[in-house]
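Worksheet for the structure shown next.
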Amino acid sequence: MLIESKKKVTLMGWKGTKKSLALTEEGHKEALLALEHAVYAVATNKGLGLSIDGGPEQQGEALMGYAPPVQPADLGDPRFGQRFGCSYPYLAGSMANGISSAAMVIALGKAGYLASFGAGGLERGKIEAAILEIKKALPHGPYAFNLIHSPNEVALERGAVELFLKHQVRTIEASAYLDLTPYLVWYRVKGLKASKSGVTVPNRVIAKVSRREVAERFLNPPAEKFLTGLLAEGLITAEEAELAQQVPMCDALSVEADSGGHTDNRPLVNLLPSILALRNEVQASRGYKESILIGAGGGIGTPEATLAAFMMGAAYVLTGSVNQACIESGTSDLVRKLLAEASMADVIMAPASDMFEQGVKLQVLRRGTLFAMRAQKLYELYQTYGSLEEIPALERQKLESQFFKKSLDQVWQDCVEFFSRRDQNELDRGLKDPKKKMALVFRWYLGQASHWAKAATAGREMDYQIWTGPAMGAFNDWVRGTCLEAPANRKVVQVAEELLKGACYLARVRGLELQGLRFGTTIGTYKPA
């Protein structure tokens, strides 16, 4: 309840019916939750009351504070919805291998939220099937598809772009990029046309970054070397190459802090202001017609975190881990259960399959699995030895019996079969280079570990690779004792609604507190109904 006011003077008078003034904690909360109405804090002889009735007047009861109406669609920057065809400043980010599934994208899209399908790691046929399914269910959007940086499997990246252009997928979420690539530039530049207002850009890019130097590449037009190469291949026209020098590589930039999957574990409170300032510098120097929107992700698992991102200037928020625990995600019930039991400390960094040789790591669930420890062991062996044959016999025996559960020769044959379908260039390199062959064998374990988790493969529980960040634990703490505690009750639309609704509620509470009013702890928190 409203417990005190530090104000010595009133704002002005309040004119309304005294019967509308709520004097109890329950009444205060009800007034604050009426998000579509303004809330007035009024001094009475029975204490401070809240009302959504009446309004300010020169005369009347002493008005001690005021909170304007605020609803989920009011948060962030309205240009996000205008640009991407959604109703709310909210993006459910991609999770590879179809974990952010077609069902998830469709459910959120029908409710007016933008979501990105997890195309990363999937073969061409599965990506195309998802495109057709999502476009049929959401012919007018909103939806996006992930394009993940694949430095070791360039054919995958090119194949995905070919599909996106073929089926006119107009928004992609570019993730895990350390630098621009020709195929990402191809997607962005293809179809550029001159218009009276500037340049018409048909293909939208939302880039996910956690470093200033990477952000700068997306904030600027593509380098000449990419355009020259694409022109030489006949993939773009001379007009498209010329117009490309007038537009940035992205329409929106998601600042990714401490998150699940690929992450630099950066603190959002430091990273977001830095990228916002960089955007402002580039925007001013380039004079773009459209402002590049900056969103915030990583750690968004509670209304407090959601509101904090908006208050720091985010145009939209990006969620990930919390969606994987929902019933629409493309993973197993067992994974959802493990995620629902996780605390903020139950995460750890482990080598990434797609960038294993570069030493890139990603954040995974630690509780209930030995994956991170075993993956790190494989990377240490890769650094130490030049080939599989150099690995000592005892180490090799341990790998075969505990990690792979088959001989390394059998694993290599699996790799040959897999890469002959997926990326012949990778296979050719492995056949010629013993060190590369070892990397492919070790990547077999890392890649399979995520599939074992997704399929809840029996006997492989200790090897499950489950991408998640500390936001998952924070979410679990928040929803404990509510309808969203049980994994079977978690639905992506309700999670989005509750995060945004809670942020609006807390914005009103904090706004009144800035005017000198103080609330009890119950009023100062928001829980799902």
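Within segment 133-164, how many residues are closer than 23 Å to residue 83 by Cα and polar (S, T, N, Q)? Counting residues in segment 133-164 that are closer than 23 Å to residue 83 by Cα and polar (S, T, N, Q) gives 1. Just so you know, in segment 111-125 the residues that are surrounded by 24 or more Cβ atoms within 10 Å (Cβ to Cβ) and modelled with pLDDT of 95 or more include one that is farthest from residue 80 (Cα to Cα), and it is 119. Just to be sure I understand, how many residues within segment 24-36 are without any contact (Cβ under 8 Å) to a residue 40 or more places away in the chain, over 31 Å from the mean Cα position of the chain (by Cα) and within 13 Å of residue 67 (Cα to Cα)? Summing the residues that are without any contact (Cβ under 8 Å) to a residue 40 or more places away in the chain, over 31 Å from the mean Cα position of the chain (by Cα) and within 13 Å of residue 67 (Cα to Cα) in segment 24-36 gives 1. When 524, 502, 511, 473 are screened for being part of a helix (DSSP H, G or I) and surrounded by fewer than 17 Cβ atoms within 10 Å (Cβ to Cβ), only 511 passes. A count restricted to segment 418-449 and to residues that are farther than 18 Å from residue 388 by Cα and at pLDDT 95 or above stands at 2. In segment 278-293 there is no residue that is more than 18 Å from the chain's Cα centre (by Cα), in contact (Cβ under 8 Å) with a residue 12 or more places away in the chain and outside the structural domain of residue 88 (by TED's automatic domain parsing). Residues that are more than 17 Å from the chain's Cα centre (by Cα) and hydroxyl-bearing (Ser, Thr, Tyr) within segment 60-115 comprise 66, 87, listed in sequence order. When residue 387 is tested against (1) within 24 Å of residue 254 (Cβ to Cβ); (2) surrounded by fewer than 16 Cβ atoms within 10 Å (Cβ to Cβ); (3) hydroxyl-bearing (Ser, Thr, Tyr), exactly one condition is not met: (1).
Take the conditions (1) surrounded by 20 or more Cβ atoms within 10 Å (Cβ to Cβ); (2) at pLDDT 95 or above; (3) hydrophobic (A, V, I, L, M, F, W, C); residue 455 misses just one of them, which is (1). Only a single item in (1) without any contact (Cβ under 8 Å) to a residue 40 or more places away in the chain; (2) surrounded by 14 or more Cβ atoms within 10 Å (Cβ to Cβ); (3) in contact with a strand residue (DSSP E or B) (Cβ under 9 Å, 6 or more places away or on another chain) is not met by residue 48, and it is number (1).
Restricting 165, 192, 184, 178 to residues that are within 18 Å of residue 237 (Cα to Cα) and surrounded by fewer than 18 Cβ atoms within 10 Å (Cβ to Cβ) narrows the list to 165.
Taking first residues from segment 413-429 that are touching a residue at least 12 places away in the same chain (Cβ under 8 Å) and outside the structural domain of residue 154 (by TED's automatic domain parsing) and partners that are buried (at least 16 other Cβ atoms within 10 Å of the Cβ) and not in a helix (DSSP H, G or I), the Cβ contacts under 8 Å between residues at least 6 apart in sequence or on separate chains come to 422/153; 423/153; 426/152; 426/153.
State yes or no: is residue 340 crowded, with 18+ Cβ neighbours inside 10 Å, over 30 Å from residue 155 (Cα atoms) and under 19 Å from the mean Cα position of the chain (by Cα)? Criteria met by residue 340.
Total residues in segment 15-55 satisfying the condition of being in a loop (DSSP other than H, G, I, E, B) and either over 20 Å from residue 522 (Cβ atoms) or charged (D, E, K, R) (or both): the figure is 8. Tallying residues that are surrounded by 23 or more Cβ atoms within 10 Å (Cβ to Cβ) and part of a helix (DSSP H, G or I) within segment 480-492 yields 1. Does residue 498 fit the bill of being of a type in the set (Asp, Glu) and more than 25 Å from the chain's Cα centre (by Cα)? Judged against the criteria, residue 498 is not a match.
Of all residues in segment 153-190, those satisfying the criterion of being more than 30 Å from residue 436 (Cβ to Cβ), part of a helix (DSSP H, G or I) and among the charged types (D, E, K, R) are 166, 188. So is residue 352 buried (at least 19 other Cβ atoms within 10 Å of the Cβ), touching a residue at least 24 places away in the same chain (Cβ under 8 Å), in the same structural domain as residue 448 (by TED's automatic domain parsing) and in contact with a Lys or Arg (Cβ under 8 Å, 6 or more places away or on another chain) or not? So residue 352 fits the description; yes.
Residue 222 - would you say it is farther than 19 Å from residue 134 by Cα, in contact with a helix residue (DSSP H, G or I) (Cβ under 7 Å, 6 or more places away or on another chain) and not small (Gly, Ala, Ser)? Against the criterion (farther than 19 Å from residue 134 by Cα, in contact with a helix residue (DSSP H, G or I) (Cβ under 7 Å, 6 or more places away or on another chain) and not small (Gly, Ala, Ser)), residue 222 qualifies. Within segment 447-468, is even one residue in a helix (DSSP H, G or I), of a type in the set (S, T, N, Q) and without any contact (Cβ under 8 Å) to a residue 24 or more places away in the chain? Yes - at least one qualifying residue is present in segment 447-468.
Being surrounded by 21 or more Cβ atoms within 10 Å (Cβ to Cβ), of a type in the set (S, T, N, Q) and over 21 Å from residue 99 (Cα atoms), is that true of even one residue in segment 309-322? No, segment 309-322 contains no residue that is surrounded by 21 or more Cβ atoms within 10 Å (Cβ to Cβ), of a type in the set (S, T, N, Q) and over 21 Å from residue 99 (Cα atoms).
Taking the criterion of being surrounded by 15 or more Cβ atoms within 10 Å (Cβ to Cβ) and in a strand (DSSP E or B), the residues of segment 56-87 that qualify are 56, 61, 62, 63, 64, 65, 66, 67.
The values are calculated or read from the model by the stated rules, or taken from the named source; none is laboratory data. Just so you know, these numbers come straight off a predicted model, no measurement behind them. Heads up, the Cβs are rebuilt from the backbone with ideal geometry, glycines too, and the neighbour counts pull from every protein chain shown.
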